[in-house]
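Since every read-out is calculated from the coordinates, none of them should be taken as a lab result. Just so it is clear, the model here is predicted, and its values are computed rather than measured. Backbone-built Cβ (ideal geometry, glycine too); neighbour counts: all protein chains shown.
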């Protein structure tokens, strides 16, 4: 019985030191995880290049990344623009969209600009292209 | 940089008129960077530390008075203030989509332009041409 205390103390010390060593190893490698997280877009590209289709097969890459088109996006932005008035400031519209909780407002606005639903007024502001939006094909989106 | 085709980059308007020797001096300064949706690349009034060239993506250039325009053409430049006095950005630039760019550290670029007058003339001329075609200039 006298030796039980020493054994328990030894086991306790071993457990504590093992845990501390494990923790220190994790912390020492944490910077790699953070670097990976910071460069995730680059890693995604590298992985895509390694395992994705070859460029010759896939054809020329588009110059602009797209978010999936969504009629909901157009409707959301149309309503926002109706509320804010025209012509509107693009940065202001994006701030309002973010405040309203619209997900990916920047990419969605980019898509709407590419689709000519949001068009510049040549004075630095933008207007909603009602004619384009009201076209039957667009309306049904 | 090894992921990109130097011949294709050399054909961008800003680099097109460089001689092979001049291009060999500029190319090592280029860095390939990726941007995220909503990322602020440049802030108006801050020291212009980097010069960017668009490879892919859609970027919004906007001013404190709320005016804005967007850039998406491959080879278009952003951050020309890095090589033109007073070396302060004159607009904000936000990435609307994920994107890819080439970046050049302003100090290195400026040193190169100052050390090689002919190279400097060609690049600054091209940068000025690009700026003149922008819809808004402050």
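Observations, loosely collected:
- Percent of Cα pairs exceeding the 23 Å cut-off, where the set is the protein assembly as shown: 63 percent
- Two-site label geometry, residue A:17 and residue A:121: point separation in nm, points 7 Å out along Cα→Cβ: 7.5 nm
- Label-point separation, residue A:9 to residue A:48 (7 Å along Cα→Cβ), nm: 6.1 nm
- Secondary-structure-derived ellipticity at 222 nm for the protein assembly as shown, considering helices only, amounts to -14500 deg cm²/dmol, per-run term -39500 (n - 2.57) for DSSP H runs with n ≥ 4.
- Look at the alpha carbon pairs under 8 Å that are at least 6 residues apart: their mean separation over the length of chain B gives a relative contact order of 31 percent.
- When you restrict to C-alpha pairs under 8 Å that are six or more residues apart and normalise by the size of the stretch B:25-79, the relative contact order lands at 33 percent.
- For the stretch B:53-74, the residues whose amide N sits under 16 Å from a probe point set 7 Å from the Cα of residue B:88 along the beta carbon direction are B:63-65.
- Distance in nm between pseudo-label sites at residue A:131 and residue B:8 (7 Å out along the Cβ direction from Cα): 3.6 nm
- The ranking of A:78, A:100 by Cβ neighbour count inside 10 Å, starting from the fewest, reads A:100, A:78.
- Ranking of A:110, B:95 by neighbouring Cβ atoms within 10 Å, starting from the fewest: B:95, A:110.
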